[in-house]
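The structure under discussion appears below in the form of structure tokens.
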Amino acid sequence: MTATRRPSGGATGPSRGDSDPIARLSRRPHRRYNPLLDEWLLVSSDRTRRPWQGRQEPPPPGPVEQYDPACFLCPGNQRANGAANPDYASTFVFTNDFAALRPDAPEERLEDGLLRAEVEAGTCRVLCFSRRHDLTLARMERPEVRTVVDLWADQTAELGDRFQWVQVFENRGEMMGASNPHPHGQIWAGSALPHEAAREDATQRAYDGEHGRRLLLDYATQEAGGPRVVVEDDDWLVAVPFWAAWPYETLLIAKRPVERLPGLDDAARDSLAGNLIALLGSYDRLFGLSFPYSMGWHQAPFRGRSEEHWQLHAHFFPPLLTANVRKFMVGYELLAETQRDLTAEVAAERLRAALARPEPTRTGEAAARA
Ligand SMILES: [Zn+2]
Ligand SMILES: [Zn+2]
């Protein structure tokens with residue numbers, strides 16, 4: 001096991017001279033290519049200076065109690081459908097009482113000219129990360145986060161026996177639609193390959209076919225030690241991807257060939273726990289508040305054949321541009337292509353600086369919110 005380390009990034013910041021093509025490009029609106037989704041996006045860093053008179057996000061709610069009698073995820077409490085949670089000690093999994101997918105779906109298909117539809121079978125589970133209502137992954141101890149990693153892996157293996165696609169994800173914070181602060185994530189597993197998965201499957205397969213190597217392993221090698229890295233060690237690299245769409249989006253890539261979470265060895269699971277705490281801690285310290293985000297794992301589909309073009313990775317999509325202004329994906333994004341306001345290099349530099357700051361006490365967090 002190796003300690004999580006940060007790259008210096010000092011010599012490669014955006015203030016580099018004219019010899020650096022990225023620094024030159026970053027001074028003017030430019031487009032960047034996302035090889036994983038085979039799409040381009042617009043980067044216009046000057047726009048961060050524009051006056052903002054739009055929506056201001058309210059500060060997140062203040063500190064919460066360790067146990068909330070009204071929470072439907074706390075140990076021993078009753079859920080909305082009347083079922084009672086066990087008095088669980090660390091993690092707890094249950095099938096979503098209001099699932100978007102159901103396993104007992106009959107096969108049915110519609111093909112009528114341009115109208116096509118098919119029944120989708122699947123299941124949705126809720127994963128409680130801790131019995132403590134007041135914690136977040138960022139503020140849990142490393143062995144506790146390791147338990148969550150093992151849970152993600154075990155659930156993936158079990159659901160992969162029955163479903164082609166296993167989507168592990170977490171919506172954190174009210175801004176991302178998580179109305180309950182209790183630390184929890186979800187797994188949706190389904191019989192079809194969803195749209196984003198199919199796109200990444202195709203790009204990774206094409207790259208492997210052309211180069212005989214995994215796209216994301218080559219990307220991790222190219223980024224290692226560079227200006228977009230937030231944290232890395234021998235097993236993992238966390239970077240603001242060159243093609244990031246959200247202001248502080250990050251991509252976490254396993255550095256050794258591995259297709260899915262269950263394939264991670266003991267050391268990689270341990271170091272993953274450390275890297276998750278580091279990354280999410282840097283998010284929380286960036287604006288001195290519990291940072292909202294959607295995160296999720298992308299792992300090879302389960303379809304009974306070799307998937308050696310796939311490399312295990314996780315995406316983190318936090319919506320905030322500043323402490324109280326969020327990025328909206330609206331007009332140009334919906335109609336033309338994604339546009340971002342600060343460069344990936346600047347975002348990574350700020351996250352590294354936040355990571356270097358001392359961990360705030362809970363009173364400190366409250367003060368920052370006030
Ligand atoms: Zn709770
Ligand atoms: Zn992905």
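The numbers here are math on the coordinates, done by the rules we state, and not lab data. Since the structure is predicted, the reported quantities are computational estimates derived from the model, not experimental observations. A quick note on method: Cβ atoms are made from the backbone with ideal geometry, for glycine too, and the neighbour counts reach across all protein chains shown.
Computed quantities for the displayed model
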| read-out | value |
| --- | --- |
| Projected label distance in nm at residue 213 and residue 115, using a 7 Å step from Cα toward the beta-carbon | 5.0 |
| Highest average packing first - 80-89, 347-356, Cβ atoms within 10 Å | 347-356, 80-89 |
| Spin-label model distance (nm) - residue 19 vs residue 93, 7 Å beyond Cα toward Cβ | 5.3 |
| Footprinting exposure proxy for 149, 258, 240 (fewest neighbouring C-beta atoms within 10 Å first) | 149, 258, 240 |
| Rg/Rg_ref, the chain, where Rg_ref = 2.2 N^0.38 Å and atoms are Cα | 1.01 |
| Cβ-Cβ FRET estimate between residue 27 and residue 353, R0 fixed at 22 Å, reported to 0.05 | 0.55 |
| Summed side-chain charge close to residue 194 - residues other than residue 194 whose Cβ falls under 12 Å, Lys, Arg +1, Asp, Glu -1 | -3 |
| Range of Cα positions in segment 224-287 per principal axis (Å), largest first | 33, 23, 20 |
| FRET E, pair residue 337, residue 55, Förster distance 25 Å, beta-carbon r, rounded to 0.05 | 0.65 |
| Shape call, segment 251-370: gyration tensor on alpha carbons, a/c limit 1.5 | oblate |
| HN-Hα J in Hz across segment 161-178 - Karplus 6.51, -1.76, 1.60, θ = phi - 60°, x for Gly and Pro | 5, 10, 10, 6, 10, 10, 9, 8, 7, 9, 9, 10, x, 4, 4, 9, x, 8 |
| 11 Å beta-carbon shell around residue 253, net charge (K/R +1, D/E -1) | -1 |
| ³J(HN,Hα), Karplus 6.51/-1.76/1.60, whole Hz, each residue of segment 324-339, x for Gly, Pro | 10, 10, 9, 7, 9, 9, 10, x, 5, 5, 6, 9, 10, 7, 4, 10 |
| Under-5 Å amide H pairs with residue 57, H placed in peptide plane, nonlocal only | 325, 326 |
| Backbone HN-Hα couplings from phi across segment 200-206 [Karplus 6.51/-1.76/1.60, Hz, Gly and Pro as x] | 5, 4, 5, 5, 5, 5, 5 |
